[in-house]
Amino acid sequence: MTLSTIFVIDDEQSIRDGISLSLAPVYRVLPFSTAEDALSSLREEPPDLILLDIGLPGMDGIGALQEIRRTHPDVLVIMITAYDDVQTVVQAMKLGAYDYVVKPILMDSLEISIAHALESARLRKEVQRLQKRYLQENLPCFIAESNAIQDIMDFIQRVAKSPDTPVLILGETGTGKELIAGAIHYQSPNFLGPLVTVNCAAIPRDLIESELFGYERGAFSGAGTAGKRGLIEEAQNGTLFLDEVGDLSMEAQAKLMRFLEEGEFYRLGSTKRQQVKTRIVSATNKNLFDMIEQGLFRRDLYFRLGVVTVTVPSLNERTEDILPLARHFFVHFNKKFGRDFTGISPEAEEALLAHHWTGNVRELKNLVERAVLTGRGPELLPGDLGLPARAGTAFAGLRLPPVPACGVNFPALMREFERHYIEQALTLSCGNESKAARLLNMNHHTFRYRRRKCSEE
């Protein structure tokens with residue numbers, strides 16, 4: 001069993017020796033007399049926990065705590081102070097200290113605090129593990145090879161770390177905005193709380209306020225006798241996803257703005273103030289700037305919702321993702337419907353690439369689902385997808401030479417053929433690999449691999 005490592009940073013040797021002696025049977029203890037020495041070791045081997053004296057020579061405990069939180073935010077810190085200096089202790093707790101103890105140290109109390117801190121760290125790591133597993137198992141739509149989506153997912157991982165910063169997701173219908181909202185939630189500290197989704201366009205405008213904020217008994221005609229909690233309350237300590245937020249009425253927008261500014265609201269028919277901590281993620285396929293100019297959307301709400309904005313490109317803008325997504329949906333529905341299709345035919349793949357996707361990923365998924373359900377097999381054909389077959393390929397009118405009697409070095413011919421078209425595509429795209437890959441109808445990873453292989457041969 002691996003022992004948890006604890007740094008003890010205190011300028012008094014008697015304190016270091018006493019703590020080390022008491023904790024040594026259970027933990028691996030490393031003592032330091034200065035913050036500078038401890039921070040140097042921290043860079044090489046981060047511990048599980050740090051006991052940090054506030055009154056240190058040189059860099060004091062508050063300065064050391066700030067540096068630890070900046071470089072190793074996951075390492076928990078318990079502060080040690082020689083006297084009950086409330087102001088300094090409060091400052092340390094605001095900076096992120098887990099707990100504090102006052103000298104003379106009572107080891108029983110310190111050991112309890114250490115045990116609680118290490119259990120908190122263990123639970124945090126378990127949450128991170130569950131988050132990672134959930135994302136691997138439940139976000140198949142992010143099977144993507146385009147740089148655009150990969151960049152969005154990298155951005156989301158950074159944004160998600162804040163538990164309360166509002167995020168606005170913009171993009172055409174069917175691009176996967178709800179899945180991105182889910183990714184933000186499940187990679188955030190709110191992971192253990194609920195993800196509550198509200199389709200603002202599906203709820204009648206005269207009911208949206210009561211659905212969001214709840215109501216008291218008798219608040220309006222038809223109100224339930226017991227009242228009702230609103231969806232904002234249901235999302236306590238989690239994430240509230242407002243899909244199609246552009247459809248909110250001006251009255252609902254005003255109340256939402258108050259909640260975002262002050263973290264409080266009133267149920268309909270109530271004078272009691274409600275306070276809820278939740279993160280607001282919103283999405284729309286509408287042009288909110290146009291709506292602001294028309295007086296249909298509050299300008300201040302737009303900027304409050306869009307503290308962080310994510311714009312999802314359409315499927316037509318990331319054609320590298322079309323075939324990977326189609327193949328994923330094909331495997332999924334082939335298994336779901338118990339079919340025995342062998343794959344998607346080359347003609348069907350060409351038709352998928354040539355199609356203009358007005359419904360984006362949702363349209364692609366629906367086409368593949370219908371094709372697998374109704375197709376005859378053994379491969380999916382353009383007709384199964386409801387798409388026209390392409391009139392011909394780039395080689396339809398090309399007359400290729402026959403094989404000579406002496407034979408031909410086919411592998412060398414293919415290498416030369418590949419090298420020729422890779423160079424041509426790079427020339428046409430001015431050296432841009434992503435554009436060159438699209439010219440050759442391949443994803444940029446495959447293009448980069450083949451280009452490197454050609455240069456090595």
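Below, the figures for the structure above:
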| read-out | value |
| --- | --- |
| Bridge type composition, the range 5-128 - antiparallel percent by DSSP, nearest 5 | 0 |
| About the Cα centre, charge dipole magnitude for the chain (Lys/Arg +1, Asp/Glu -1 at Cβ), debye | 1500 |
| Whole-number percent relative contact order across the chain, with pairs defined as alpha carbons under 8 Å at least 6 apart | 11 |
| Rounded, prolate or oblate (a/c below 1.5 giving rounded, otherwise prolate when a/b exceeds b/c) for the range 5-128 by Cα gyration tensor | rounded |
| For the range 417-456, Kirkwood radius (reciprocal of mean inverse C-alpha pair distance, Å) | 9.6 |
| From the C-alpha gyration tensor of the range 317-385, square roots of 5λ in Å | 19, 12, 10 |
| Distance histogram in 10 Å bins (all Cα pairs of the range 299-444, percent per bin) | 9, 27, 27, 22, 10, 2, 1, 0 |
| Taking 14, 249, 40 and counting other C-beta atoms within 10 Å, the order from fewest to most | 14, 40, 249 |
| Two-site label geometry, residue 24 and residue 290: point separation in nm, points 7 Å out along Cα→Cβ | 7.5 |
| Percent of beta bridges antiparallel (DSSP, the chain, rounded to nearest 5) | 10 |
| Set 94/125; 177/336; 94/177; 177/335; 177/435 screened for pairs whose C-alpha atoms are more than 30 Å apart | 94/177 |
| Chain lengthening between residue 115 and residue 264 when straightened (0.36 nm per residue, less Cα-Cα) | 50.1 nm |
| Paired Rg and Dmax values of the chain, which use every Cα atom, in angstrom | 30.0, 98 |
| Reduced Cα scattering model of the range 146-313, Debye log10 I(q)/I(0), q = 0.10, 0.14, 0.19 Å⁻¹ | -0.36, -0.71, -1.25 |
| Nearby aspartates and glutamates by direct alpha-carbon distance to residue 272 (threshold 12 angstrom, same-chain neighbours under 8 apart not counted) | 216, 264 |
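Every read-out reported here was derived from the displayed coordinates using simple, explicitly stated rules and does not represent laboratory data. In this text the structure is predicted, and so the values were computed from the model without any measurement. No Cβ is skipped: glycine too gets one built from the backbone with ideal geometry, and neighbour counts run over all protein chains shown.
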